[in-house]
Amino acid sequence: MTDVSVIGLGAMGTALAEAFLAKGLKVTVWNRTSGKAGALTAKGAVEAGTVQQAIAASKLVVACLLVYDTVYEAFEPAKTALADRTLVNLTNGTPAQARAMAEWTAKQGADYLDGGIMAVPPMIGQPEALILYSGSQQAFTAHEKALAALGTAQYLGSDAGLAPLHDIALLTAMYGLFSGVTHAFALTGSEKVPAETFLPMLTGWLGAVMTWLPDMARRIDSGDYRSDVVSNLEMQAAAFDNFITASEEQEVSPELIAPMFQLMKKAVAAGYGDADQASLVEMIRRPPEPQKEQATG
Ligand SMILES: NC(=O)c1ccc[n+]([C@@H]2O[C@H](COP(=O)([O-])OP(=O)(O)OC[C@H]3O[C@@H](n4cnc5c(N)ncnc54)[C@H](OP(=O)(O)O)[C@@H]3O)[C@@H](O)[C@H]2O)c1
């Protein structure tokens, strides 16, 4: 028996296996395409010939494949080996996929933890690598020490969907930032300002913007969008019109920023013109469920 089996030796799976080895754990590895385990076996890992053998080798089985369909494809033929194992699935997926996989794993008699890796492979094994987990509390407690080899482990709750929910929320925030930053570089670049010259101004500005997030969070939690508003949406939408026009004049496509403008105009039309920017969340989130009628006797 080994301490942990790693299924999938792509860029991330290889980094995970290396981190386990670096902390002195005995590791079994498996990959669909052979020939990727050489560097790991040189460091002491055991290469399994089949997924079944890899699952049989360790109580803790960590999967890191491309998408959930590929996890089923790899595990379905070997599912009988999963009984009495803990499957930790670090493959990127949706909350619904994670919940379905938790149910599928339970049918095989195994414990399930879903995970979201908030890091790139070179960060794995460092405290900066945040890894989110959700699913079986018992499994997390039992394997927390081994999982700490991969980075900082944060358990979010027994609903397996919570780790991918937070993972995707953080990633969408990142891509939103990339959208604005890409547009900003294109705009300044349209007048031949080198990106590296613009960079210090950009990072300073983004740092200032970050300090507004606590107020935004407070407003979203309380629903208070109208007290002490210093930049109302009607004013912002009027200015945003200039952002679109300026981009077009500079021959920069506004496609990355246009959706925000559309949403602002929709919010103003819906009566949020005097409200804070935070109120935009009301335009995109699921409406609250209607109160159920009280049953009358
Ligand atoms: N790399 C990152 O920066 C990063 C960061 C956070 C999260 N992630 C997540 O980590 C997961 C793995 O990413 P990666 O960077 O390691 O990807 P990758 O380098 O492309 O590796 C993909 C892995 O999936 C395997 N695979 C694909 N289809 C398969 C199938 N049908 N059956 C069995 N194995 C299959 C591949 O095996 P073969 O070698 O046989 O093709 C390979 O081991 C993804 O869900 C990704 O979103 C990655």
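Please give the length that would be gained between residue 33 and residue 76 if that part of the chain were fully extended, namely 0.36 nm times their separation in residues minus their C-alpha to C-alpha distance (nm, one decimal).
Details: separation 43, 0.36 × 43 = 15.48 nm, distance 1.74 nm.
Stretched fully, the residue 33-residue 76 segment lengthens by 13.7 nm.
If contacts are Cα pairs under 8 angstrom and at least 6 residues apart, what is the relative contact order of region 166-284 in percent?
34
For residue 130, list long-range residues whose amide hydrogen, built 1.01 Å from N in the peptide plane, is under 5 Å from its own amide hydrogen.
The list, which skips near neighbours in sequence, is 118, 152.
Roughly speaking, what is the centre-to-centre gap between region 222-255 and region 155-191 when only Cα atoms are used, to the nearest Å?
Each part's Cα centre sits 20 Å from the other's.
Which residue, 84, 221, 276, has the most motion in a Gaussian network model of the chain that connects Cα atoms within less than 10 Å?
Sorting by GNM fluctuation, first place goes to 221.
Within region 4-158, how many Lys pairs sit with Cα atoms under 12 Å apart, leaving out pairs fewer than 8 places apart on the same chain?
5
Quick one: ranking 123, 1, 12 by accessible area, 1.4 Å probe, largest first, what do you get?
Sorted by accessible area, descending: 1, 123, 12.
Sequence gap at least 6, Cα distance under 8 Å: using those rules, report the relative contact order of the chain to the nearest whole percent.
Relative contact order comes out at 12 percent.
Could you work out the helix-only [θ] at 222 nm for the chain, with each DSSP H run of four or more residues adding -39,500 (n - 2.57) and the total divided by the number of residues, to the nearest 500 deg cm²/dmol?
For the chain, the value works out to -14500 deg cm²/dmol.
Looking at region 4-158, send over the antiparallel percent of its DSSP beta bridges, to the nearest 5.
Around 20 percent of the beta bridges assigned by DSSP in region 4-158 are antiparallel ones.
Could you give the nm distance between label points at residue 154 and residue 282, where each point is 7 Å from its Cα heading toward the beta carbon?
It is 2.9 nm.
Can you work out the FRET efficiency for the pair residue 138 and residue 26, with r the C-beta to C-beta distance and R0 = 25 Å, to the nearest 0.05? Numbers along the way, then the final one.
Details: r = 23 Å, r/R0 = 0.90.
It comes to 0.65.
Could you order 222, 5 so the one with the most accessible surface comes first? Probe is 1.4 Å. Before the final figure, lay out the partial values.
Values: 222 70, 5 0 Å².
Putting 222, 5 in descending order of accessible area: 222, 5.
Rounded to the nearest 10 Å², what accessible area does residue 197 have for a 1.4 Å probe in the complete protein model?
Ignoring ligands and nucleic acids, residue 197 comes out at about 90 Å².
Most mobile of 14, 188, 28 per a Gaussian network model of the chain (Cα springs, under 10 Å)?
The residue that fluctuates most here is 188.
Residue 178 accessible area, nearest 10 Å², 1.4 Å probe?
The accessible area comes out at roughly 100 Å².
Would you mind checking region 256-290 for residues with the amide N under 16 Å from a putative spin-label position 7 Å along Cα→C-beta of residue 224?
Residues passing the 16 Å test: 275-279.
Nearest-5 percent of antiparallel DSSP beta bridges in the chain?
20
How much of residue 193 can a 1.4 Å solvent probe reach, expressed as accessible area in Å² and rounded to 10?
So the heavy atoms of residue 193 present about 50 Å² to solvent.
With a point put 7 Å past each Cα toward its Cβ, work out how far residue 246 is from residue 83 in nm, to one decimal.
So the two model labels end up 6.7 nm from each other.
When the solvent-accessible surface of protein heavy atoms is calculated with a 1.4 angstrom probe, in what order do 32, 219, 226 fall, highest first?
Accessible-area ranking of 32, 219, 226, largest first: 32, 226, 219.
The values are calculated or read from the model by the stated rules, or taken from the named source; none is laboratory data. Computed from a predicted model, the values in this text were never measured in an experiment. So basically every Cβ, Gly included, is an ideal-geometry build from the backbone, and we count neighbours across all protein chains shown. In case anyone asks, the SASA skips ligands and DNA or RNA and just uses the protein heavy atoms, side chains included. Shrake-Rupley method; radii C 1.70, N 1.55, O 1.52, S 1.80 Å.
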